[in-house]
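Colleague: Handing you this structure, nothing more for now.
The values are calculated or read from the model by the stated rules, or taken from the named source; none is laboratory data. Bear in mind that the values here come from a model prediction, so they are computed numbers and not experimental data. Methodologically, a virtual Cβ is constructed for each residue, glycine included, from the backbone with ideal geometry; neighbour enumeration extends over all protein chains shown.
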Amino acid sequence: MNQALLMAERPAPEILPGLFGRFSRGEMTLADVEWEQQRFHEHRRWNAVELVEAVNVNELTEADRIYILNFARAELTTKPGADRLAGLCDRQCRKWLSEDENVAKIIQACGTWSRYWNEEEAHHEAALTYLLRRLDFEPVTDEMFLEYRQIFPDDDMLRTLFLLTMSEVKTTVMYTSMANKTRDPGLKALFRQIATDEAHHMRYFNTFARGLVDSGKYTPKGAFAIAHFFLREGGEMYGYARDTKEARGTHVNWWDQLDFRSAERPDDFERQRKLTYASLEQSTGISVSTPQEVQDTWLGFIA
Amino acid sequence: MTESAVFAPDLTVAEIVAASPGLVNSVDFMECCAKVANGFRQSHGVQVRLPATSLDTPISVIVESFVQQASSAVAVAQ
């Protein structure tokens, strides 16, 4: 077979669904899955320097500057998020090895992928903090940088994955909304590129969560608990818009720290809710369409 | 944790989570509240709305919320 034909037959990179089945039926090894992650990572790579330089900083509006400020800060929390995920996956993988090899493999695949997530989020953080410095606006101080780098505490594996899904739901919606609001073509392109990355990350987390649920070792309860934690009245989804902010002392939840001042809010909560329902279905196979259904489903899993 | 250890000093959500060997974080505390709500529904047919409470909320406030909701539901039923 010649090289051109080989390349033509190569399937398009994708976020692999059905991880539990692929491992349990012996269809794929961890090395196979790693290669698919690498292919997907490479096909979506972009150049942060080029995109940032395409932004006309002299033409940005006050709202644009506020958006950049907020998300330059928010992106600082993704590195501790990814570092935490890598550590949690290693500990959980070792724990499951003696109980269920396929669960251990799914968690290892997630830990392996966390390096791509970390690198892709580094693009977002570096691009936005650099852009902020070009604006002669409020800086990200070293004090803030250090505060936002605090590592998140550990939790149950499925709950952790769905919490990260929820973070990606929020960023997907907000970057898309900000891309639609800005008039600068360069900033629009940057926000759109980041929104696409965040949507891919959301799908990855859903895929790993689905692997755990398909294994039968995790019930969907953990995913629904987190969804309810966000969707309930006064829940995490409404973050900074709530009357009171949590003083955690251990870590920073970026959605609590946003401050849009005079800029139009890019929340689009209805879109966030719809993406949450879609993520629940991808992660658990259970279809819901209202916060009440999320709560009722979750309560049904609680004895 | 014993009842007296939680209710006598009127611990906050954060303090209960920190002191309890069985709770990892406030999601577990939320699940404890859900068990109480499920119990109300199964034993008395009363629907109780789960409160979204901040970490510094004392347990007495949460209990009062449940009692008020349950009392109102019973009063309506009568």
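Colleague: If I filter segment A:180-194 down to residues being crowded, with 19+ Cβ neighbours inside 10 Å and aliphatic (A, V, I, L, M), which single residue comes out as nearest to A:Glu125 (Cα to Cα)?
Modeller: A:Ile194
Colleague: Can I ask one more? With respect to A:Arg183, determine if the residue is assigned to a helix (DSSP H, G or I), in contact with a helix residue (DSSP H, G or I) (Cβ under 9 Å, 6 or more places away or on another chain) and basic (Lys, Arg).
Modeller: Answer is no for this residue.
Colleague: For segment A:232-252, give me the residue count where each residue is assigned to a loop (DSSP other than H, G, I, E, B) and in contact (Cβ under 8 Å) with a residue 60 or more places away in the chain.
Modeller: Adding up the residues that qualify gives 4.
Colleague: If you go through segment A:124-136, how many residues are in contact with a helix residue (DSSP H, G or I) (Cβ under 8 Å, 6 or more places away or on another chain) and either of a type in the set (Ser, Thr, Tyr) or surrounded by fewer than 19 Cβ atoms within 10 Å (Cβ to Cβ) (or both)?
Modeller: Within segment A:124-136, residues that are in contact with a helix residue (DSSP H, G or I) (Cβ under 8 Å, 6 or more places away or on another chain) and either of a type in the set (Ser, Thr, Tyr) or surrounded by fewer than 19 Cβ atoms within 10 Å (Cβ to Cβ) (or both) number 5.
Colleague: A further question on this structure: Of all the residues that make up segment B:40-52, how many are more than 10 Å from every other protein chain (Cβ to nearest Cβ) and either in contact (Cβ under 8 Å) with a residue 60 or more places away in the chain or in contact with a Leu (Cβ under 9 Å, 6 or more places away or on another chain) (or both)?
Modeller: So the count comes out to 0.
Colleague: Then there's this: Filter segment A:150-166 for residues that are part of a helix (DSSP H, G or I) and facing another protein chain (nearest Cβ under 10 Å) and give the result.
Modeller: Filtering segment A:150-166 for residues part of a helix (DSSP H, G or I) gives A:157-166.
The answer is A:Arg159, A:Leu163.
Colleague: Find the residue count for segment A:231-247, including only residues that are more than 7 Å from every other protein chain (Cβ to nearest Cβ) and either under 21 Å from the mean Cα position of the chain (by Cα) or not acidic (Asp, Glu) (or both). Lay out the reasoning, then the answer.
Modeller: Here is the first cut: in segment A:231-247, the ones more than 7 Å from every other protein chain (Cβ to nearest Cβ) are A:231, A:236-243, A:245, A:247.
Still in the list and also either under 21 Å from the mean Cα position of the chain (by Cα) or not acidic (Asp, Glu) (or both): A:231, A:236-242, A:245, A:247.
Qualifying residue count, segment A:231-247: 10.
Colleague: Pairs, please: C-beta under 8 Å, at least 6 apart or cross-chain, first residue free of Cβ contacts under 8 Å to residues at least 60 places away in the same chain and in segment A:275-303, second among the basic types (Lys, Arg)?
Modeller: Final answer for the pair search is A:Ala303/B:Lys35.
Colleague: Here are the criteria: (1) within 11 Å of another protein chain (Cβ to nearest Cβ); (2) surrounded by fewer than 18 Cβ atoms within 10 Å (Cβ to Cβ); (3) assigned to a helix (DSSP H, G or I). Tell me which single one A:Arg271 does not satisfy.
Modeller: Failing condition for A:Arg271: (1).
Colleague: List the pairs whose first member sits in segment B:19-39 and is part of a helix (DSSP H, G or I) and surrounded by 15 or more Cβ atoms within 10 Å (Cβ to Cβ), whose second member is modelled with pLDDT of 90 or more and of a type in the set (Gly, Ala, Ser), and whose Cβ atoms are under 6 Å apart, counting only residues at least 6 apart or on separate chains?
Modeller: B:Val27/A:Ala225
Colleague: Taking interchain pairs and intrachain pairs at least six residues apart, which have beta carbon atoms under 8 angstrom, with the first residue in segment A:159-180 and under 16 Å from A:Ala72 (Cα atoms) and the second β-branched (Val, Ile, Thr)?
Modeller: Hits for this filter: A:Thr171/A:Ile194; A:Tyr175/A:Ile194.
Colleague: Any residue at all in segment A:201-222 that's within 14 Å of chain B (Cβ to nearest Cβ), surrounded by 21 or more Cβ atoms within 10 Å (Cβ to Cβ), within 21 Å of A:Asp156 (Cβ to Cβ) and of a type in the set (Gly, Ala, Ser)?
Modeller: yes
Colleague: Also, I was wondering about something else. Would you be able to say whether some residue in segment B:53-74 is without any contact (Cβ under 8 Å) to a residue 24 or more places away in the chain and not in a helix (DSSP H, G or I)?
Modeller: Within segment B:53-74, not a single residue is without any contact (Cβ under 8 Å) to a residue 24 or more places away in the chain and not in a helix (DSSP H, G or I).
Colleague: Which condition breaks for A:Thr276 when tested against (1) closer than 23 Å to A:Asn206 by Cβ; (2) away from chain B (no Cβ under 12 Å); (3) surrounded by fewer than 20 Cβ atoms within 10 Å (Cβ to Cβ); (4) of a type outside the set (Gly, Ala, Ser)?
Modeller: Condition (3) is where A:Thr276 drops out.
Colleague: Any residue at all in segment A:74-86 that is more than 20 Å from A:Val173 (Cβ to Cβ), out of contact with any Cys (no Cβ under 9 Å at 6 or more places or on another chain) and among the hydroxyl-bearing types (Ser, Thr, Tyr)?
Modeller: Within segment A:74-86, not a single residue is more than 20 Å from A:Val173 (Cβ to Cβ), out of contact with any Cys (no Cβ under 9 Å at 6 or more places or on another chain) and among the hydroxyl-bearing types (Ser, Thr, Tyr).
Colleague: Among the helices (runs of 4 or more DSSP H) lying completely within segment A:1-120, list those that include at least 1 residues that are at pLDDT 95 or above and of a type in the set (Phe, Trp, Tyr).
Modeller: By residue number, A:19-24, A:30-43, A:62-74, A:78-97.
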